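Visitor: First the structure, which I've put down as structure tokens, then a few questions once you've had a look.
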Amino acid sequence: MKALRKFIDKQKPHFQKGGKFHWLESTFDGFETFLFVPNTVTTKGAHIRDSIDMKRTMIVVVLATLPALIFGMWNVGYQHFLSLGETTDFWQNIGYGALKVVPIIVVSYAVGLGIEFYFAQIKGHEINEGYLVTGMLIPLIVPPDIPLWILAVAVAFAVIFGKEVFGGTGMNVVNPALVARAFLFFAYPGDMSGDKVWIAEKADTFSGATPLGNALVGNFNHFHSFSDMFMGFIPGSVGETSTLMILIGAVILLYTGIASWRVMVSVFAGGLVMGLLFNWWGANEYMELPAYYHLVMGGFAFGAVFMATDPVTSAQTARGKYIYGFLVGVMAVLIRVFNPAYPEGMMLAILLMNVFAPLIDHYVIESNIKKRLKRLKVAVNS
Amino acid sequence: MSTVYSVKKGLDIKLLGEAEKTIIDLDAKRFAIKPPDFIGCFPKMLVKEGDSVKAGTPLFFDKYRENITYTSPVSGKFVEIKRGAKRKILELIIESDGKFESLDFGSTDAGSLDKQQVTEKLLKSGVWPLIRQRPYAVVANPDDTPKSIFVSAFNSAPLAPDYELMIKGNEKALQAGLDVLAKLTSGKVHLNIHAKLNHPDTFKNVSNVQVNTFSGPHPSGNVSVQVSRLDPINKGDVVWYTDVQGVITMGKLFLTGKYDSSRMVALTGSEVLKPRYYRAHTGANITNMVVDNVTDNKNRFISGDVLTGIKIESDGFIGFYDSMVTVIPEGDYYEFFGWAHPGFGKWSFSKTYPSWLTPNKKYRLDTNMHGGLRAFVLTGLYEKVFPFDIYPMQLMKAILVEDIDLMENLGIYEIDAEDFALCEVIDPSKISMQELVRNGLELMRKEMS
């Protein structure tokens, strides 16, 4: 470690102002701070600081996605062999899944981080860690058979137009991972929807419909059981199938306090309430689907835990978070049931509410301001 | 008396090096008044280097508020003006003659004087700057009549000194000082005590004030918190405040007619070998406190607490308003994969480090930033240690874009930079919030004047 530190200290001047590689300063800094927490000390304000930094924060989120990722890899293999009618063991499934999923992760990180480094460089900033999470979320919300070049295009679009044009991590309006997915959905619908894409290299004769796909066409006879959907033994995007694994991630996020329980709980509440409303209405078979099914189908759980809770793009006030989360849940179920063109309502619901989150915050803050002005009025009149 | 104002949001950072309750005399030769302690003050000198002074001899006045003079805390010789960049005056150093003689301002019972006379006496002796005002945390304007005056009888900051020790033996001066304050306001004088940090009997016999009990973690001792619970500041309101030692100094001025700047100072921090209390005077040099009494590390010396104090050298001077000196290790080291390490033994408010398993452990924290500067990312975090009905992040963003109306609407009058200290400590984005808020307050003050 000491030798490494010495080596870095020796190379550092080349990357600083006046050095030959000055144009790579941010990149160098990115690698240096990745290896070593810097030696900067407090100069103004409080003299002591918390041990947590943005790297630690982001790595905890990545950690929380791991159960869903590992299960997702296994499930990719399991679904593939199931469609072929072959029986396989755990390691075969996960091996096949890894072959499919690891390249997706590599492409996601390589393209996204490349762009992040480039932007940090031209702005002369330190590298933002936000993409560590986005880069992991994107592979989890795409089908396992996604062509890698399409993925690369989507990632580039998401990072540039979803984030960097607004000023980078912390300034973006919509969730970049969902921008990538929305881009794929609208630009390459053939690779992102239908019954064919959700199982990797599926046998042609096997129905690869997801529960959402089945529900949409009214195919409730061959519907997956609730326990299958909860455990995740269903076709779907890589990391979104197992509600159980997602909930393990949720526990990590909530316990460390990095994700807001307000958002998470209210998304589930919103979905459940909307589902119950539909049950009560009961105009068609989809509406009669038990409300709690909605919470384990498609990307609902994944969206609620990892997407809606993004602290930057969700509402930022405590009261706003309840409203925002609840509406995400309501909209997701509403879109699913009412709009046959978009079977996955969660993605659109979150993107929509991302856009409305500042408005929700505005009214919450406005009420705080009004309270203050009212107090002033009372004081003046008395 | 029966209502306890409980502060729920906040955080007590537990540090090593709490001062033992032994008190010794500090043998200090040099004393200093530091104009930067008085926010917005532009000093115009009244003495020259080499002049002899007594306690209460005017050293300078504020160019913008000429009626406020700042006086020498001790008797001796005015020896040096220490200047910084652009010749800004940083320290006015006085070499003590060891006699602690004061000019005579005449002993009078505050009860027989009116507001005008009380104010004049405080101004003339240089005791006045002990009274500060909200908004802006500047020295109070003698022409104002505050709607109330706040005195906190406890300090909730990490390693804070026990104010009870300071009051012991000075009960009479405390009461006299409270009588002085009562003359200055049209409203109430609030004396705020803490359910655990104060002994209930200490204030059993005080009169002329309303005693309020607070409970809960830091920042329950911050003036802003107490004001927000008892008499919130609206636009146009002025509230004054001072601390217990300030009240005692005022009381002594009226009881004896002398400016007695003696105050008790706690020497604390993990790097102090014998943390304890010292009988000192305002602006005392800390050399004799820390020589042979701190570890051999590279240390940081702070006048004040670790959250809001000012960095000084090992031969520096205690700030005008400070009752403690903290010594902690500097943190200028690299840490291999520090962010990925499980981090046993490291302190964090978040549960991303295992420090939550040992809530009562006391830590030896250093000055390392533990990360680089980032934009605001996490939301809903700062509110956990910010016990106001104010949106801290939104207010800071309003300050960043210098939106005066929004700053006002979001409640900037109700807070001071120190209220953001805890947010600053726990911030994963490592933003300098106190500086940011201070800039906002200064911008506001310039706009409103």
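Visitor: With springs only between Cα atoms under 10 Å apart, run a GNM on chain B and tell me which of B:Ile318, B:Ile431, B:Ile33 wobbles the most.
Guide: Highest fluctuation among the options: B:Ile431.
Visitor: Based on the alpha-carbon set only, what is the convex hull volume of chain B divided per residue, in Å³?
Guide: Looking at chain B, the number lands at 146 Å³ per residue.
Visitor: Turning to a different aspect of this structure: What order do you get for A:27-38, B:334-345 when each peptide is scored by the mean count of other beta carbon atoms within 10 Å, highest first?
Guide: A:27-38, B:334-345
Visitor: May I pose another question? Quick check on segment B:308-363: what are the equivalent-ellipsoid semi-axes from the Cα gyration tensor, as sqrt(5λ), descending, whole Å?
Guide: Semi-axes, largest first: 30, 16, 9 Å.
Visitor: While we're here: Compute the Rg to Rh ratio over segment B:369-448 from the alpha carbon atoms, using the Kirkwood formula for Rh, and round to two decimal places.
Guide: Rounded to two decimals, Rg/Rh equals 0.95.
Visitor: So how tilted is helix B:244-256 from the main axis of chain B? Cα-based, degrees 0 to 90, rounded to 10.
Guide: 10
Visitor: Can you give the helix-only mean residue ellipticity at 222 nm for chain B, where every DSSP H stretch with n ≥ 4 adds -39500 (n - 2.57) and the sum goes over all residues, rounded to the nearest 500 deg cm²/dmol?
Guide: Dividing the helical sum by the residues of chain B leaves -6000 deg cm²/dmol.
Visitor: Among A:Val337, A:Gly298, A:Gly325, whose Cα sits farthest toward the positive end of the charge dipole of chain A (+1 at Cβ of Lys/Arg, -1 at Cβ of Asp/Glu, about the Cα centre)?
Guide: Sorting the options by dipole projection puts first A:Gly325.
Visitor: Placing one identical point scatterer on every Cα of segment A:304-382 and ignoring solvent, what is log10 I(q)/I(0) from the Debye formula at q = 0.10, 0.15, 0.18, 0.24 Å⁻¹?
Guide: The Debye formula, applied to the Cα set alone, gives -0.33, -0.57, -0.71, -1.01.
Visitor: Tell me, what is the percent relative contact order of segment B:369-448, built from C-alpha pairs under 8 Å that lie six or more residues apart?
Guide: The value is 38 percent.
Visitor: What translational diffusion coefficient, in µm²/s and rounded to a whole number, does the Stokes-Einstein relation yield for chain A at 37 °C and a viscosity of 0.692 mPa s, taking the hydrodynamic radius as the Kirkwood radius over Cα pairs?
Guide: 146
Visitor: Amide H of A:Phe36 versus every other amide H placed in the peptide plane: which residues, excluding those fewer than 5 positions away on the same chain, fall under 5 Å?
Guide: For A:Phe36, the qualifying residues are B:Phe337.
Visitor: Roughly what angle does helix B:433-448 make with the longest principal axis of chain B, taking Cα atoms, 0 to 90 degrees, to the nearest 10?
Guide: Result, in degrees: 50.
Visitor: Counting only residues 5 or more places away or on other chains, whose amide H sits under 5 Å from the amide H of B:Arg263 once H atoms are built in the peptide plane?
Guide: B:Ala280, B:His281, B:Thr282
Visitor: If you roll a 1.4 Å probe over the heavy atoms of the protein chains, what accessible area per residue do you get for segment A:251-382, in Å²?
Guide: The answer is 43 Å² per residue.
Visitor: Also, I was wondering about something else. What does the accessible area of A:Phe161 come to, in Å² to the nearest 10, when a probe of 1.4 Å is used?
Guide: Rounded to the nearest 10, that gives 120 Å².
Visitor: Considering amide H positions built from the backbone, and no H for Pro or chain starts, which residues 5 or more places from B:Leu90, or on another chain, come under 5 Å of its amide H?
Guide: B:Lys82, B:Arg83, B:Gly84
Visitor: Using only the alpha carbons of the protein assembly as shown, what is the convex hull's orientation-averaged projected area in square nanometres?
Guide: 39.4
Visitor: Taking every residue in B:385-398, how many Cβ atoms of other protein chains lie within 10 Å of its Cβ, on average?
Guide: Mean shielding count: 2.
Visitor: How big is the Rg/Rh ratio for segment A:18-154, C-alpha atoms only, Rh by Kirkwood, two decimals?
Guide: 1.11
Visitor: Please report, in Å, the Rg and the Dmax of segment A:247-352, where both are computed over Cα atoms only.
Guide: In Å, with Rg to one decimal and Dmax whole: 13.3, 43.
Visitor: Using only atoms on other chains, find how many Cβ atoms lie within 10 Å of each Cβ of peptide A:373-382 and report the average.
Guide: 3
Visitor: If you take the accessible area of B alone plus A alone and subtract the pair, what total do you get in square angstrom, rounded to 100, with a 1.4 Å probe?
Guide: Roughly 6000 Å² of accessible surface disappears when B and A pair.
Visitor: At 222 nm, what helix-only mean residue ellipticity would chain A give, in deg cm²/dmol to the nearest 500, using -39500 (n - 2.57) for each DSSP H run of four or more?
Guide: Helix contribution divided over all residues of chain A: -21500 deg cm²/dmol.
Visitor: To the nearest whole number, what is the average tally of beta carbon atoms from other chains within 10 Å of the beta carbons of peptide B:423-432?
Guide: Whole-number average of other-chain Cβ neighbours for B:423-432 is 6.
Visitor: Just list whichever of B:Lys21/B:Lys311; B:Lys14/B:Lys235; A:Lys44/B:Lys397; A:Lys123/B:Lys34; B:Lys8/B:Lys446; B:Lys21/B:Lys115 have alpha carbons separated by over 30 Å in the model shown.
Guide: B:Lys14/B:Lys235; A:Lys123/B:Lys34; B:Lys8/B:Lys446; B:Lys21/B:Lys115
Visitor: If you build a Gaussian network model of chain A, linking Cα atoms that sit under 10 Å apart, which residue out of A:Gly239, A:Gly114, A:Gly325 swings the most?
Guide: A:Gly114
Visitor: Which one of A:Lys100, A:Lys371, A:Lys12 has the biggest mean-square fluctuation once chain A is modelled by GNM with Cα springs under 10 Å?
Guide: Answer for the Gaussian network model of chain A: A:Lys371.
Visitor: Taking chain B as the reference, fit the longest principal axis to its C-alpha atoms, fit the long axis of helix B:115-125 to the helix C-alpha atoms, and give the angle between the two in degrees, 0 to 90, nearest 10.
Guide: 80
Visitor: Sort A:134-145, B:178-189 for me by packing, meaning the mean count of neighbouring Cβ atoms within 10 Å per residue, highest on top.
Guide: A:134-145, B:178-189
Visitor: As a test, work out the antiparallel percent of DSSP beta bridges whose residues both lie in the protein assembly as shown, rounded to the nearest 5.
Guide: Roughly 65 percent of the DSSP beta bridges within the protein assembly as shown come out antiparallel.
Visitor: Same structure again: Just the number, please: percent antiparallel of the DSSP beta bridges in chain B, rounded to the nearest 5.
Guide: Of all bridge pairs located within chain B, approximately 60 percent are antiparallel.
Visitor: Are there DSSP H segments in chain A that both extend 24 Å or more along their axis (alpha-carbon positions) and score a mean Kyte-Doolittle hydropathy of at least -1.0? List them, or say none.
Guide: A:54-84, A:90-123, A:261-281, A:318-338, A:345-381
The values are calculated or read from the model by the stated rules, or taken from the named source; none is laboratory data. Quick caveat: nothing in here was measured; it's all calculated off a predicted structure. A quick note on method: Cβ atoms are made from the backbone with ideal geometry, for glycine too, and the neighbour counts reach across all protein chains shown. Accessible surface is based on the protein model in full, side chains and every heavy atom, while ligands, DNA and RNA are left aside. Shrake-Rupley method; radii C 1.70, N 1.55, O 1.52, S 1.80 Å.
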